[in-house]
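Have a look at the structure below before the remarks.
Just so you know, all these numbers are worked out from the coordinates, no wet-lab data involved. This structure is a prediction, so every number in the text was calculated from the model and none was measured. A quick note on method: Cβ atoms are made from the backbone with ideal geometry, for glycine too, and the neighbour counts reach across all protein chains shown.
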Amino acid sequence: MVHKNNRWNISDKRGQEIAHKYIIDILKDSKNTIILLSELVILLNQKTKHIKFTNHNKRKTISHYLTCKYGSITKFLDTYTIYGLMKQNDTIHIKLMESEITYNKSIDQTILHEYKDWILIDEEEFILV
């Protein structure tokens with residue numbers, strides 16, 4: 001029998017805020033706001049290693065936290081419309097659906113307001129004179 005493990009030092013709401021903030025940052029920095037799931041997990045763990053996620057007094061990564069709370073990182077991402085999951089062959093790509101950011105009510109709006117006024121410009125759009 002599997003027991004749900006709820007002895008985390010971070011509340012569910014705070015864990016979601018941290019996860020969304022860093023996932024959105026990583027996707028915004030990636031080319032075309034698309035990244036491989038494996039790369040996302042590595043970068044997410046690297047960028048959040050300064051945050052202490054503890055379970056039974058043992059330090060854990062954010063990916064372990066999301067897996068324990070939601071079953072898997074893909075299940076966490078799939079519950080929100082701002083993330084698109086694309087499966088190609090044996091790889092899973094994650095895409096930030098920027099059109100959904102302003103309309104998503106399931107995420108704390110303070111996280112999303114940071115990115116509302118950003119404009120991403122590709123180098124291809126510039127003409128050097």
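Placing R0 at 22 angstrom, the Cβ-Cβ distance between residue 86 and residue 25 gives a FRET efficiency of 0.65 after rounding to 0.05. Using the Cβ-Cβ distance between residue 47 and residue 17 with R0 = 25 Å, the FRET efficiency computed as 1/(1 + (r/R0)^6) comes to roughly 0.95. Highest mean first, the peptides 77-90, 24-37 sorted by other C-beta atoms within 10 Å per residue fall in the order 24-37, 77-90.
Pairs spanning more than 19 Å between alpha-carbon atoms, out of 60/95; 13/75; 60/87: 60/95; 60/87.
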